[in-house]
Structure formats: C-alpha cells, structure tokens
Amino acid sequence: MEHLGDFLAYIKHIRHYSPHTVKSYRKDLEQFFSFAAEGAKDVEPLPDHRQIRRWTVHLMENGTSARSVNRKLSALKTYCRFLLREGIIPVNPMNRVLSPKSEKKLPSFISEKQMKHLLDEVSFDDGLTGTRNRLIIETFYLTGMRLSELVNLKVSDIHVHEPSFRVLGKRNKERIIPVSGEFYGEIEEYLLRREKEGVALGSNYLFVTGKGNKLYPKLV
C-alpha cells in the first residue's frame, strides 16, 4: 500500500476525479490489500493477477454482485495503470484478469403521467423552500443532470438568450443543456423571489439552503 497515497493524490489533483470517486477507490483498494494480506506468508508488495483473481472469486462467493465486483476491479485497473505509468510495475496484472459479466437491465423511467401527478397534485410548501424543491425535481426531470452537477449549478451557468444550462460534469467536461422558455421563466421567478426575501444575497449558486448556503447532496 506504499503507493496508494500517491495514487489517490494523482486521481484527485491531476485527473480531477470527484471526492466521491476518490473515497470509493480508496475503500476498494484497501479492501483488496486487506484480503491479499490475510493468511499470506509472502505477501506481494504490488497487485498480482493471482491475488486479484482470488479476490474476485472471494467476492462472488460471498454474494457481491457482478456489478459491484466490476466497480472494485475498475479501481484496481486505474491503480495498476498508474503503477505502470510511473514505472513501478513492468506489466499490468489486470491484463490477465477477466471481469465477471453483469446482467443488462433496462433503465427505469418516470412516465409523463407520474411526473404530472407529482408536480400538479402533490402539495409543495408555498414558501421559498417548496418552490426550490419543485424546481429541483423539474430540473432533474427536464435535463437529466447528475446530483453533483445540480448542487454545483450556478446562476452564471444559465444562458439567457437561448435558454440553457452550462453544466460541468465528470472530469471537468462541459456540456450545454437546452431548456424551454417556460421552465426558464420559473427559474427567473424563483431567483426574484429569493432576492426579495433576502436569501443567498451574493451567492452565485442556483439552488441554496434556507440559510442561503450551497446545497449538499444529502439534503437534495
């Protein structure tokens, strides 16, 4: 595990992985090294394809889904590529490891009828918080943006002339998401109401807490 710290710093500061991904990679890699060290007399200081295969079998036999196993192996693949890039290992051990096949499931969609029921028949609070919550649900539905993208959405990311959002996604990839003029009007009304009530004055974040601070994922 001597190179783990360097690897985590690399994906955080050089590759700009999200804090959530960095945390997940750390957890998966620590789990792998813990397994590799268990009951072994001569522990390989670096990932070995035999260890990785045994770990994969161990995870599957203990009920870990193929999808979760592949996520953990993805962390190992990225780590091994880093070791190879740094000249720490001569060959990538992941080249000799097969990933378990995952069952392909069709995505689940919310129907237009269900969304209309939620927005028209469910009672939202009449205050600024209720207005914000309704807009958050509409934003997810109309744009398909991720949670991390929504909480980081800024007022300056809204294009006025051609109503759209400028979204900064994974690994700082930027994309433009068009929205209807009607929905843009709802955003404008929310911002005007927020200003009148003196909430989040000076804040550039679009959606804020009741105290005017940036939203956090758990609240959403």
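The values are calculated or read from the model by the stated rules, or taken from the named source; none is laboratory data. Predicted, not measured: the structure shown is a model, and the values here were computed from it. Neighbour counts run over all protein chains shown; Cβ positions are idealised from the backbone, glycine included. What goes into the accessible areas is simple: the full protein's heavy atoms, side chains included, and nothing from ligands, DNA or RNA. Shrake-Rupley method; radii C 1.70, N 1.55, O 1.52, S 1.80 Å.
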Sequence neighbours fewer than 8 away in the same chain don't count; with that in mind, list the aspartates and glutamates whose C-alpha is under 13 Å from residue 72.
28, 30
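Label the chain by shape, choosing from rounded, prolate and oblate, from the square roots a ≥ b ≥ c of the eigenvalues of the Cα gyration tensor; if a/c is under 1.5 it is rounded, and otherwise prolate applies when a/b is larger than b/c, oblate when it is not. Let's see the in-between values first.
On the way: a/c = 2.83, a/b = 2.18, b/c = 1.30.
In terms of gyration-tensor shape, prolate.
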Only loop residues by DSSP count here, and only those with at most 12 other Cβ atoms within 10 Å; note down the trypsin sites (Lys or Arg not before Pro) in region 89-123 that meet that.
101, 104, 105
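Within region 115-183, which chymotrypsin sites (Phe, Trp or Tyr not before Pro) sit in a loop by DSSP and count at most 12 neighbouring Cβ atoms inside 10 Å? Working shown, then result.
Working: sites: 124, 140, 141, 165, 183; in loops: 124.
Sites meeting the loop and neighbour criteria: none at all.
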Quick check on my link table: of 101/170; 170/214; 101/154; 105/170; 113/170; 23/116, which ones sit more than 29 Å apart, alpha carbon to alpha carbon?
101/154; 113/170; 23/116
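Enumerate by residue number the GluC sites (Glu not before Pro) in region 139-220 meeting two conditions: DSSP loop (anything except H, G, I, E, B), and at most 14 other Cβ atoms within 10 Å of the site's Cβ. Before the final figure, lay out each step's value.
On the way: sites: 149, 174, 182, 186, 188, 189, 195, 197; in loops: 197.
Those that pass, being in a loop and sparsely packed, are 197.
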Would you please classify the overall shape of region 107-220 from the alpha carbon gyration tensor, given that a ≥ b ≥ c denote the square roots of the eigenvalues, rounded means a/c under 1.5, and beyond that prolate means a/b larger than b/c while oblate covers the rest?
rounded
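Could you grab the relative contact order for the chain? Cα pairs under 8 Å, six or more apart, rounded to a whole percent.
Details: 169 pairs, mean separation 32.7, N = 220.
Worked out over the chain, it gives 15 percent.
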Quick check: the angle from helix 49-61's long axis to the longest principal axis of the chain, C-alpha only, nearest 10 degrees?
60 degrees
7 Å from Cα along Cα→Cβ at both residue 64 and residue 216: what's the point-to-point distance in nm?
2.9 nm
Short version: ³J(HN,Hα) in whole Hz for each residue of region 65-79, in order, from phi by Karplus 6.51 cos²θ - 1.76 cosθ + 1.60 (θ = phi - 60°), x for Gly and Pro, what are they?
5, 4, 4, 5, 4, 5, 5, 5, 5, 4, 5, 5, 4, 5, 5
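Between residue 196 and residue 24, what FRET efficiency comes out of the Förster formula 1/(1 + (r/R0)^6) with R0 = 35 Å and r the beta carbon distance, rounded to 0.05?
Step by step, r from the Cβ atoms, then E = 0.25.
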Using r as the Cβ-Cβ distance of residue 204 and residue 120, and R0 as 35 Å, what FRET efficiency do you calculate, to the nearest 0.05?
0.65
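Tell me the carbon and sulfur percent of the accessible area for region 56-193, rounded to whole percent, probe radius 1.4 Å.
Numbers: 4740 of 9180 Å².
The nonpolar share, carbon plus sulfur, comes to 52 percent.
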Report, in deg cm²/dmol and to the nearest 500, the calculated mean residue ellipticity at 222 nm for the chain, where each DSSP H run with n ≥ 4 adds -39500 (n - 2.57) and the sum is divided by the residue count.
-15000 deg cm²/dmol
